[in-house]
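Trainee: Below is a structure I'd like to ask you about.
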Amino acid sequence: MKAWQCSVCKYIHQGSRPPGKCPVCRVDARRFIEIDEASIPENKLKRNPAKKIETQVKPQAPPPAKTTFEKIQSLLIKHHAHPVSVHTPNGILPAIVILWILAWIFDSDFLAKIAGVNMIFVVISLPFVIFTGILEWKNKYNGAMTLVFKLKILAASLTTASCIINLIWYLLDPNILSSPKAWVFILMTLFMLTAVGVSGHIGGKLVFKD
Ligand SMILES: [Zn+2]
């Protein structure tokens, strides 16, 4: 059997010809390169019966024992920790932005406080979201540095930076929305919303493959 690798996301397909479209990053068949089957990592190989018989005859040494950290990592990947955990920032941020805008329009300290408290939750969740994202990228996509992933990393970095700046700015100057610089603050929250939107959009494409 031949093996083909997507030159964009490193997805490996086994068969006589490449798939019409990459099921992961959706590029067309022309982007697939025929590769030597021997170079495919063991965990990417499709089980084939011949191989099974061979292992029965000549049992392989058991895989080296995993460390606790490696066990946690594979559990996190298996249970989709990244797509699940992104719901904290992605779900709360649009609500926070609406709260900031309402707090600004109605000059309400109360609404600003709610937004600020929610922002603390988002900032606390970010290290976990980033960690699980890197895990998934390294394991599922072999750490491929293609345009899709560069954009994703850029958007995630901008989201993180703008969230942290947003929270610190509010904590240092709780009356920012009543000051003449309020529009800069609001503009930044809109930027933050765009960055998280782009991150989520690319992530959704990778997860749902459509
Ligand atoms: Zn691909």
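The values are calculated or read from the model by the stated rules, or taken from the named source; none is laboratory data. All figures in this text were calculated on a predicted structure; none of them were measured in a lab. Virtual Cβ from ideal backbone geometry, glycine too; neighbours counted across all protein chains shown.
Trainee: Quick check, is PHE149 aromatic (Phe, Trp, Tyr) and more than 18 Å from GLY204 (Cβ to Cβ)? Show your work before the answer.
Mentor: Details: aromatic (Phe, Trp, Tyr): yes; more than 18 Å from GLY204 (Cβ to Cβ): no.
Against the criterion (aromatic (Phe, Trp, Tyr) and more than 18 Å from GLY204 (Cβ to Cβ)), PHE149 does not qualify.
Trainee: Further, regarding this structure: Name every residue in the range 110-169 that is part of a helix (DSSP H, G or I) and either among the hydroxyl-bearing types (Ser, Thr, Tyr) or outside the structural domain of SER199 (by TED's automatic domain parsing) (or both), in order of residue number.
Mentor: Passing the criteria: SER125, THR132, SER157, THR159, THR160, SER162.
Trainee: Here is a follow-up. Among the residues of the range 11-27, write down those that are within 17 Å of LEU147 (Cβ to Cβ) and either assigned by TED's automatic domain parsing to the domain that holds LYS138 or crowded, with 18+ Cβ neighbours inside 10 Å (or both).
Mentor: Answer for the range 11-27, where residues must be within 17 Å of LEU147 (Cβ to Cβ) and either assigned by TED's automatic domain parsing to the domain that holds LYS138 or crowded, with 18+ Cβ neighbours inside 10 Å (or both): TYR11, CYS22, VAL24, CYS25.
Trainee: Just a yes or no: is a residue in the range 111-130 touching a residue at least 40 places away in the same chain (Cβ under 8 Å) and within 30 Å of VAL27 (Cα to Cα)?
Mentor: Looking for residues that are touching a residue at least 40 places away in the same chain (Cβ under 8 Å) and within 30 Å of VAL27 (Cα to Cα), one finds at least one in the range 111-130, hence yes.
Trainee: Inspect all residues belonging to the range 1-14 and state whether any of them is modelled with pLDDT under 85, more than 10 Å from the ligand (Cβ to nearest atom) and either in a loop (DSSP other than H, G, I, E, B) or aromatic (Phe, Trp, Tyr) (or both).
Mentor: Yes, the range 1-14 has at least one match.
Trainee: Moving to a separate point now. Does the range 87-106 include one or more residues that are modelled with pLDDT of 95 or more and not in a helix (DSSP H, G or I)?
Mentor: Scanning the range 87-106 turns up at least one residue that is modelled with pLDDT of 95 or more and not in a helix (DSSP H, G or I).
Trainee: Among the residues of the range 15-43, what is the count of those that are near the ligand (Cβ under 8 Å from one of its atoms) and touching a strand residue (DSSP E or B) at 6+ places or on another chain (Cβ under 9 Å)? Walk me through it before giving the result.
Mentor: We begin by selecting, within the range 15-43, every residue near the ligand (Cβ under 8 Å from one of its atoms); these are 22-27, 31.
Filter once more, keeping what is touching a strand residue (DSSP E or B) at 6+ places or on another chain (Cβ under 9 Å): 22-25, 27, 31.
So the count comes out to 6.
Trainee: Do you know which residues across the range 126-168 are under 16 Å from HIS80 (Cβ atoms) and not hydrophobic (A, V, I, L, M, F, W, C)? Working first, answer last.
Mentor: Quick first cut of the range 126-168, residues under 16 Å from HIS80 (Cβ atoms) only: 128-141.
The answer is THR132, GLY133, GLU136, LYS138, ASN139, LYS140, TYR141.
Trainee: Can you pull out the residues in the range 95-110 that are free of Cβ contacts under 8 Å to residues at least 24 places away in the same chain and in contact with a helix residue (DSSP H, G or I) (Cβ under 6 Å, 6 or more places away or on another chain)?
Mentor: Going through the range 95-110, the residues free of Cβ contacts under 8 Å to residues at least 24 places away in the same chain turn out to be 95, 98-99, 102, 105-106, 108, 110.
Listed by number, the residues that qualify are LEU99, LEU102.
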